[in-house]
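One structure, pasted below without further comment.
None of the figures in this text is laboratory data; all of them are computed from the coordinates on show. Note that this is a predicted model, so its numbers are computed, not measured. Using ideal geometry, Cβ is built from the backbone for each residue, glycine included, and neighbour counts are taken over all protein chains shown.
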Amino acid sequence: MKSKAISYPYVAWMALFVVAPIVIIVVYAFTAAGGGFSLENFHSMAQYATAFGRSFLLAAVATVVCLLAGYPLAYFLARERGWIHRMATMLIMLPMWMNFLLRTYSWKFLLERNGLLNTLFGLIGLGPFQMIDTQGAIVLGMVYNYLPYMVLPIFSVIAKIDPKVVEAAQDLGANSVTVFRRVIFPLSLPGVLSGITMVFIPSVSTFAISRLLGGSKTLLLGNLIDMQFLGSAYNPHLGSAVSLVMMVIVMVCMAVMNHFGDGEEGVTL
């Protein structure tokens with residue numbers, strides 16, 4: 001009985017700050033402004049289908065880029081030792097010690113028409129290029145901010161792979177490519193799936209990155225929800241419906257990823 005009592009503060013915290021807000025969102029999503037039950041909020045979401053598609057597309061692109069860039073980096077970190085390992089780890093973690101908005105806002109000065117990059121391009125007779133207020137700038141901001149969330153889970157898994165497993169594969173005649181394809185990559189899949197989840201979910205719901213780097217030209221789900229609660233188009237019922245649908249879609253994506261992760265039980269040589 002005493003052991004259960006220890007968990008009561010945590011249960012109360014979760015009920016107050018997790019369950020209660022979700023219940024409020026559900027109630028608002030299924031009610032009209034007058035307070036009666038209504039599905040009109042979900043019908044109104046059809047006009048924002050483009051925002052849904054754009055949000056998931058840009059989040060998917062950012063996740064793929066993070067995976068392609070993060071996996072080799074994580075593999076390198078897991079194999080290196082000494083000062084190189086410490087230096088590379090510090091360089092990855094260093095941006096995370098700064099404020100998220102400050103990191104994102106710094107790219108605004110780099111990418112704008114008279115920013116540093118266009119100035120450098122101008123010195124060699126190129127540009128100026130339109131880099132700010134584009135979807136490419138949003139993807140760049142996502143990759144920059146969320147790349148560590150892809151690297152760290154993969155690094156953690158690869159670092160725990162028993163070197164004897166790799167040696168056994170080599171003793172059986174497997175070359176470096178085969179060892180990676182049949183041993184290292186399958187064993188690192190839990191880290192890959194965790195990294196994909198940790199990058200995709202904040203990317204699909206971001207609003208600060210798209211607001212600072214995408215301007216008013218690119219409407220994402222995060223911006224849409226922000227508009228319904230804090231913007232001029234105040235409609236918390238519609239905002240709750242959008243939030244609920246996005247929450248369900250994200251949970252389905254997580255369930256699919258967990259299903260593939262559970263199915264990865266081992267490797268065969």
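Compute the distance from the alpha-carbon center of the range 46-113 to that of the range 205-225, in whole Å.
So the separation of the two Cα centres works out to 17 Å.
How about the range 121-164: which chymotrypsin sites (Phe, Trp or Tyr not before Pro) there are in a DSSP loop, with at most 14 other Cβ atoms within 10 Å of their Cβ?
Within the range 121-164, the qualifying chymotrypsin sites (Phe, Trp or Tyr not before Pro) (loop, at most 14 other Cβ atoms within 10 Å) are Phe129.
Neighbouring Cβ atoms within 10 Å as the yardstick, rank His259, His237 fewest first.
Going from sparsest to densest Cβ surroundings: His259, His237.
Per residue, what volume in Å³ does the Cα convex hull of the chain take up?
In the chain, the Cα convex hull volume per residue is 212 Å³.
For Thr31, enumerate residues with amide H under 5 Å from its amide H, sequence gap 5+ or separate chain, H modeled in the peptide plane.
So Thr31 has HN proximity to Ser38.
So, one more: Between Met14 and Arg182, what length in nm is gained on full extension when 0.36 nm per residue of separation is reduced by their alpha carbon distance?
So the chain would gain 56.3 nm between Met14 and Arg182.
Another question about this same structure. Can you list the HN-Hα couplings for the range 68-75, worked out from phi with the Karplus curve (6.51, -1.76, 1.60; θ = phi - 60°), rounded to whole Hz and with x for Gly and Pro?
5, 8, x, 5, x, 5, 5, 5
Just to be sure I follow the definition: excluding the sites themselves, where is the longest run in the chain that has none of the GluC sites (Glu not before Pro) in a DSSP loop with at most 16 other Cβ atoms within 10 Å?
Counting at most 16 other Cβ atoms within 10 Å as exposed, the longest clean stretch of the chain is 81-263.
Ok, one more. Would you mind computing the Rg to Rh ratio of the range 97-247 from its alpha-carbon coordinates, Kirkwood style for Rh?
1.15
If you don't mind, another one. Across the chain, where is the longest run that never hits trypsin sites (Lys or Arg not before Pro) in a DSSP loop with at most 10 other C-beta atoms within 10 Å?
82-216
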